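One structure is given here, and the rest of the page talks about it.
The values are calculated or read from the model by the stated rules, or taken from the named source; none is laboratory data. Model, not experiment: these values are computed from the prediction. Positions of Cβ are backbone-derived with ideal geometry, glycine not excepted, and every protein chain shown enters the neighbour counts.
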Amino acid sequence: MRFPYRTAPGPGGTTLYYPFIPVRIAGFSGASTRYFEALVDSGAADCIFQTSLASALRLDVQSGIPSVRAGIGGGSEVWVHPITLFVAGHVLQLNAAFSDTLPLAGLLGRSGFFEYFRITFDPASAPPGLELERVHKA
Amino acid sequence: MSDARTEALRNAPLDSWVALSADETRVVAVGTTYEEVSTALDRMGDTDSVILKTPAAWLPMAL
């Protein structure tokens, strides 16, 4: 499935393109979010979501496993929970981190996301986009 | 569509949660939390909009 990159404002009235894709997440209770945009980020070790989303999952974020994630802005405290990720017609079970300081709704990283897909970034096409192909490991 | 989306986001409040219409040309709900935006969409009977979080500033992202 191909997803055109989504646009966002840049400095000086410019337009920037990012590999955002629509996803939905659910918690142990079965309650889920609406669709929101998450950034496909090969630099992220795992999947991270904003704690504001936890209300939809009826999740007590700080009851999760505490951990820390490092980013360009330094270290950030996170809490890890098992969740269900709905993406591109697929349903994945994974452990995801929740962060108060994540500046966007979600990051889809290597553990829990990239391990399930062959992902082709194609920024040179018009419009730029990415292709997701589900892979099933033996 | 992309230009309309970009302009809609440029005019949206920063460091907020927003819902974009299904065609991504208009901001249809704004809140300080995900729940506020989701509740607003519930009230409108809107099931098609997609939610995103705006950053504190529209700078190139490197996370």
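Key figures
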| item | result |
| --- | --- |
| Residue in the stretch B:13-23 that is closer than 15 Å to residue A:35 by Cα, surrounded by fewer than 18 Cβ atoms within 10 Å (Cβ to Cβ) and not polar (S, T, N, Q) present | yes |
| Failed item in (1) at the interface with chain A (Cβ under 7 Å from one of its Cβ atoms); (2) closer than 28 Å to residue A:42 by Cβ; (3) of a type outside the set (A, V, I, L, M, F, W, C), with residue B:24 passing the rest | (1) |
| Strands (runs of 3 or more DSSP E) enclosed by chain B - at least 3 residues per element that are under 21 Å from residue A:5 (Cβ atoms) | B:17-20, B:50-53 |
| Test: residue A:84 is β-branched (Val, Ile, Thr), over 18 Å from residue A:19 (Cβ atoms) and within 14 Å of the chain's Cα centre (by Cα) | yes |
| Residue B:43 surrounded by fewer than 20 Cβ atoms within 10 Å (Cβ to Cβ) and out of contact with any helix residue (DSSP H, G or I) (no Cβ under 8 Å at 6 or more places or on another chain) | yes |
| Residues (closer than 15 Å to residue A:1 by Cβ, in a strand (DSSP E or B) and touching a residue at least 40 places away in the same chain (Cβ under 8 Å)) located in the stretch A:105-126 | A:108, A:119, A:121 |
| Residue in the stretch A:56-70 that is within 19 Å of residue B:20 (Cβ to Cβ) and either modelled with pLDDT of 95 or more or acidic (Asp, Glu) (or both) present | no |
| Per-region count, the stretch A:49-70, residues in contact with a strand residue (DSSP E or B) (Cβ under 8 Å, 6 or more places away or on another chain), outside any helix (DSSP H, G or I) and more than 9 Å from chain B (Cβ to nearest Cβ) | 9 |
